[in-house]
Amino acid sequence: MVTGSGVLDGDVVLVTGAGRGIGLGIASAMAAAGAKVAMVSRTAAQLEEASQGVPESLAVPFDVSDSAGLAGLVDSVEGHYGAPVTTVVHAAGTHARHKAEDFDLDEWRRVIEVNLVAPFALSQEIGGRQLAGGRSGQHIFIGSLTSFISIPETSAYTASKSGVFGVVRSLSQEWSARGIRVNGIAPG
């Protein structure tokens, strides 16, 4: 991997879901562009292994649905790097496939909590700090094709990923004039 291109030199980037898949790919790309990357995932062993391939990254085992712990998460990342988080990438996600009539509501709530509530709450924490400090920032949300279309037996995932783009529109409307960019990506 090529590192230190300088495009993001000095930026502190927090990437959730960074233990594998899209999150790991984004964390690697951010580091290659010169960012200091905090990789967050609830699976500690997977995260430790993944972080070995991302230069100067910080591996932070954490379940993003733990909203009470979000301030501590951001404090630990900012303390480690001695600088505020400039960018957050919300790549953590979960999925469950069931017919709508058979979908267990506890499982439904878990999908909504991880895919929709957690990214909003983390952006609320980081965005609040950026706004209070008069700093610019970037918030990147990972949606899905199901943000726009429906796929059978994915009602909770579809609802959560549709909601993600509602959050993107709302936060962008509220924060863009104050220097914080909010964008969504819909892979697939």
Connecting every pair of Cα atoms under 10 Å apart in the chain and solving the GNM, the largest mean-square fluctuation among ALA156, ALA92, ALA83 falls on ALA83
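Show that you can apply the helix-only estimate: for the chain, add -39,500 (n - 2.57) for every DSSP H stretch of four or more residues, divide by all residues, and state [θ] at 222 nm to the nearest 500.
My calculation for the chain gives -12500 deg cm²/dmol from helical runs alone.
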Across PHE103, PHE165, PHE120, the residue with the highest GNM fluctuation in the chain (Cα network, 10 Å cutoff) is PHE103
Cα pairs beyond 15 Å in the stretch 99-188, in percent, come to 60
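Please report the antiparallel percentage of DSSP beta bridges with both residues in the chain, rounded to the nearest 5.
Values: 0 of 23 bridges.
Once the DSSP bridges in the chain are tallied, antiparallel ones form about 0 percent.
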Most fluctuating of ASP75, ASP106, ASP66 in the GNM of the chain (C-alpha, under 10 Å) is ASP106
Here the gain from full extension of GLN173 to PHE148, 0.36 nm per residue of separation minus their alpha-carbon distance, amounts to 7.0 nm
Of all stretches in the chain that avoid trypsin sites (Lys or Arg not before Pro) placed in a DSSP loop and having at most 13 other Cβ atoms within 10 Å, the longest is 1-96
Checked against the structure, the computed semi-axes √(5λ) of the Cα gyration tensor in Å among [x] 27, 19, 15; [y] 28, 25, 15; [z] 33, 18, 16 is the one labelled [x]
By the DSSP-based rule, helices of the chain that are at least 15 Å long along the axis (C-alpha) and have a mean Kyte score of at least -0.5 are 21-32, 70-81, 118-132, 155-175
The rounded separation in angstrom of the Cα centers of the stretch 12-43 and the stretch 68-84 is 15
The stretch 50-188 accessible area per residue, 1.4 Å probe, protein heavy atoms, integer Å², reads 48
Stretched fully, the stretch from GLU107 through GLU56 gains (0.36 nm per residue minus C-alpha distance, one decimal, in nm) 14.8 nm
A 1.4 Å probe over the protein heavy atoms gives the chain a carbon and sulfur accessible-area percentage of 53
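Would you mind calculating the relative contact order of the stretch 37-140 from Cα pairs under 8 angstrom and at least 6 residues apart, reporting the percent as a whole number?
Normalised by residue count, the contact order of the stretch 37-140 is 28 percent.
The values are calculated or read from the model by the stated rules, or taken from the named source; none is laboratory data. All values reported here derive from a predicted model rather than from experimental measurement. As a convention, Cβ positions derive from the backbone with ideal geometry for all residues, glycine included, and neighbour counts pool all protein chains shown. Only protein heavy atoms, including side chains, enter the accessible area calculation; ligands, DNA and RNA are left aside. Shrake-Rupley method; radii C 1.70, N 1.55, O 1.52, S 1.80 Å.
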